[in-house]
1. Which one is modelled with the lowest pLDDT among residues in the range 37-54 that are part of a helix (DSSP H, G or I) and touching a helix residue (DSSP H, G or I) at 6+ places or on another chain (Cβ under 6 Å)?
2. Does D169 count as modelled with pLDDT under 90, surrounded by 11 or more Cβ atoms within 10 Å (Cβ to Cβ) and touching a Leu at 6+ places or on another chain (Cβ under 9 Å)?
3. Does E109 qualify as being under 24 Å from A28 (Cα atoms) and surrounded by fewer than 17 Cβ atoms within 10 Å (Cβ to Cβ)?
4. Taking the range 23-66, which residues are of a type in the set (S, T, Y) and surrounded by 15 or more Cβ atoms within 10 Å (Cβ to Cβ)?
5. What are the pairs, 6+ residues apart or on separate chains, where a residue within the range 28-55 that is in contact (Cβ under 8 Å) with a residue 60 or more places away in the chain and closer than 19 Å to H75 by Cβ has its Cβ under 7 Å from a residue that is in a helix (DSSP H, G or I) and among the acidic types (D, E)?
6. Name every residue in the range 175-229 that is small (G, A, S) and surrounded by fewer than 13 Cβ atoms within 10 Å (Cβ to Cβ), in order of residue number.
7. State the number of residues belonging to the range 55-89 that are part of a strand (DSSP E or B), in contact with a Leu (Cβ under 8 Å, 6 or more places away or on another chain) and acidic (D, E).
8. Out of the residues in the range 86-137 meeting the condition of being at pLDDT 50 or above and among the aliphatic types (A, V, I, L, M), tell me which one is farthest from D52 (Cα to Cα).
Amino acid sequence: MEFKVIDESNDHKYFTIVPNYVLNHSSANAQALYLQLKRLAGDNGIAYPSMDYLCKKLSLSKPTIRKEIQYLIDHKWIEYITDVPVETRGGVQTIKGYKVLDIWQINAEFYKGGKNKTALVEPKGGKNKSQRGEKISPLIRINIKEEHKEDIIINPKKYSSLKDITELDLQEISEKYKVSLGFVKLQLEKLTNYCEAKGRVYKNYKSALRNFVLGDMQKQVERSANDKYRPVDARNVK
């Protein structure tokens, strides 16, 4: 007979449990973001945080928040659900919903025997003490099991293909250079056509897109300056 225990004490409302797997395979920013989403979502719920809320709570910029959200999605720790319209003092705003996925099985399997510890620095002369005489533990290197390597991104994305550029990247460039998202998308289309027509290959297509955006912005500034100082034809002046 299978028994199901239900905790009705409500004590769990006042703390948040986070898998060590997340803490050991992510940056401080990603950990902080995951913790906030986990807290808002509850045990098996969905979080609907506004971008302003996350920026205020984490003291991070919107591009950084978007980058870390994509990191959590890529690792399948959370998933995007839907957009929800919310009435605010400034009017109706759209807030994205994210579900915190259940990764407790992955967490348990990994720590039950999925790691192999080896010291990064061997103790010299048989000593393993600090200058104050305190006993310290050697640094540990964790070798990840083959079946879990695909879940972890060791190196940052290098944007070696146009397909690597996401909607978040376009929004980041738009906010960085204070231009519309449509303008950035137009530059992406121009970059795509240029590569197809010229057979041009870039090491980093996101950097190439930024250069396309800056190049077109510079042309617009130059055209505006030329129009301002262009001599006036006296025959057209009444």
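The values are calculated or read from the model by the stated rules, or taken from the named source; none is laboratory data. It should be emphasised that the depicted structure is a prediction, and the values quoted were computed from it without experimental measurement. Ideal geometry is used to build each Cβ from the backbone, glycine not excepted, and the neighbour counts take in all protein chains shown.
1. As a first pass, look at the range 37-54 and keep what is part of a helix (DSSP H, G or I): 37-41, 51-54.
In the following step, the residues that additionally are touching a helix residue (DSSP H, G or I) at 6+ places or on another chain (Cβ under 6 Å) were identified as 51, 54.
Working: M51: 90, L54: 94.
Filtering first and then ranking leaves M51.
2. Numbers: modelled with pLDDT under 90: yes; surrounded by 11 or more Cβ atoms within 10 Å (Cβ to Cβ): yes; touching a Leu at 6+ places or on another chain (Cβ under 9 Å): yes.
It is true that D169 is modelled with pLDDT under 90, surrounded by 11 or more Cβ atoms within 10 Å (Cβ to Cβ) and touching a Leu at 6+ places or on another chain (Cβ under 9 Å).
3. Values: under 24 Å from A28 (Cα atoms): yes; surrounded by fewer than 17 Cβ atoms within 10 Å (Cβ to Cβ): yes.
The answer is yes for E109.
4. Step one: of the range 23-66, the residues of a type in the set (S, T, Y) are 26-27, 34, 48, 50, 53, 59, 61, 64.
The answer is S26, Y34, Y48, T64.
5. Listed by first residue and then by second, the contacts come to nothing, as the list is empty.
6. Within the range 175-229, S180, G182, A197, G199, S207, G215, S224, A225 qualify.
7. Initially, the range 55-89 is screened for residues part of a strand (DSSP E or B), giving 78-88.
Within this subset, residues satisfying the condition of being in contact with a Leu (Cβ under 8 Å, 6 or more places away or on another chain) are 78-79.
Now restrict to residues that are acidic (D, E): 79.
Qualifying residue count for the region: 1.
8. Among those that are at pLDDT 50 or above and among the aliphatic types (A, V, I, L, M), it is A108.
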